[in-house]
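To keep things clear, I will list the structure first and then write my remarks on it.
The values are calculated or read from the model by the stated rules, or taken from the named source; none is laboratory data. Being a predicted model, the structure only gives us computed values, none of them experimental. These accessible areas exclude ligands, DNA and RNA; they are computed on the full protein's heavy atoms, side chains included. Shrake-Rupley method; radii C 1.70, N 1.55, O 1.52, S 1.80 Å.
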Amino acid sequence: MNRTLKLAGMAAWIAVLCSTLTVGAAQKGGGGLPNGGGGKIFYDSNLVASSMNHDGTAKTALFSRTANSPYGGLAASYSLHNGKRWFFQMADPSYQQFQNIAPELRFYSQTGQYRVFALNFENLDTTTTYGDPGWVPGDQEVSFVSRRIVDPVWDANWDLVSGTVTEVGIFAVQVFYDGAGEPSGISAPYLKVATPRVTTTYGDCSAVSSYDWSPNGTALVCSGNYLDGTSSVGSSLFTIGTSSGVVQVVRSANGNHWPVWAPGTLNRIAYAEDISTGGRQLCTIGTNGSGRTVVFVPKQTGTGRFVKFPCWSPDGTVISYYLVAPSNNEDGIYRISTSGSGKTLLALWPAGLIDWK
């Protein structure tokens with residue numbers, strides 16, 4: 001074999017070796033990133049809604065929200081309708097005064113355009129509308145937790161002195177769109193799914209403190225005090241059939257928060273679970289309560305580190321989450337494979353996760 005053929009053969013062998021190493025690196029996540037994901041991650045930072053690629057690149061500020069939201073903490077939700085991405089926010093411009101609650105739904109496009117619709121609560125209780133405003137699958141409705149009260153009387157602390165609670169659960173408003181596919185109006189709120197009740201100083205409230213819809217909209221996964229019925233902030237996990245109303249306990253232990261239903265037909269739930277030594281860890285569990293898996297345990301160093309707002313990737317192979325940490329070098333949005341490998345920091349110091357689409 002002459003020198004030219006030997007060099008050509010060596011070059012080909014090196015090319016194969018490099019190709020193999022590259023594939024191996026990709027299979028391992030390429031610098032720590034787990035395989036899969038896709039889509040974009042949407043997050044909130046000091047009233048600015050932003051997006052980034054699933055690997056943390058191409059961070060882009062989309063728009064600034066016009067008001068804080070007293071409802072649900074997260075303040076915004078993301079969905080896709082007719083090719084247009086719309087966020088919405090439950091806001092109250094008079095919240096600082098608190099004596100004249102006037103809730104609104106505000107819809108924002110990625111270009112910063114927004115439309116405001118007054119939310120006609122009638123006898124719906126604005127003081128307990130705390131429950132995770134979000135899109136119902138299909139993008140035709142927006143849902144939230146509340147209750148309907150006839151002739152309510154409040155004390156100075158906004159505790160219910162008297163009044164008849166007639167409905168408790170997940171309420172919804174229908175969203176109307178114009179010919180361009182943009183929100184043009186909303187309906188009056190109506191009870192979408194009745195939920196178990198708990199008795200508190202505020203009167204009968206929903207047992208649900210946070211929830212998420214199944215991909216096909218036929219069920220909800222909820223966090224709440226369904227089992228003891230004594231307070232409005234709960235932590236067991238349960239599902240509710242949206243048509244049947246049947247409640248199925250998924251996890252009866254205390255300390256489970258922000259459940260999110262996996263996409264497609266995976267039939268799994270990601271959630272944040274309290275740790276006995278402090279903080280919260282990231283877990284997944286089957287919708288029937290089987291196969292609980294601890295995905296990520298934050299290292300505790302005297303000050304708690306808390307996992308919040310988990311989100312599934314569109315392909316169901318990766319989970320993003322917000323880690324609240326005492327160190328500025330750790331507080332941020334992360335992604336990790338469902339097996340617990342490839343933990344990767346994507347963005348520092350966010351205000352929270354919105355969604356991953």
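Surface composition of region 150-217: carbon and sulfur atoms hold 50% of the protein heavy-atom accessible area at a 1.4 Å probe. Ranked from largest to smallest solvent-accessible area, with a 1.4 Å probe on the protein heavy atoms, R147, R292 come out as R292, R147. Annotation: per residue accessible area for region 131-268 equals 40 Å², rounded to a whole number [probe 1.4 Å, protein chains only]. Here the accessible area is traced with a 1.4 Å probe on the protein chains. For region 227-348, carbon and sulfur cover 48 percent of it.
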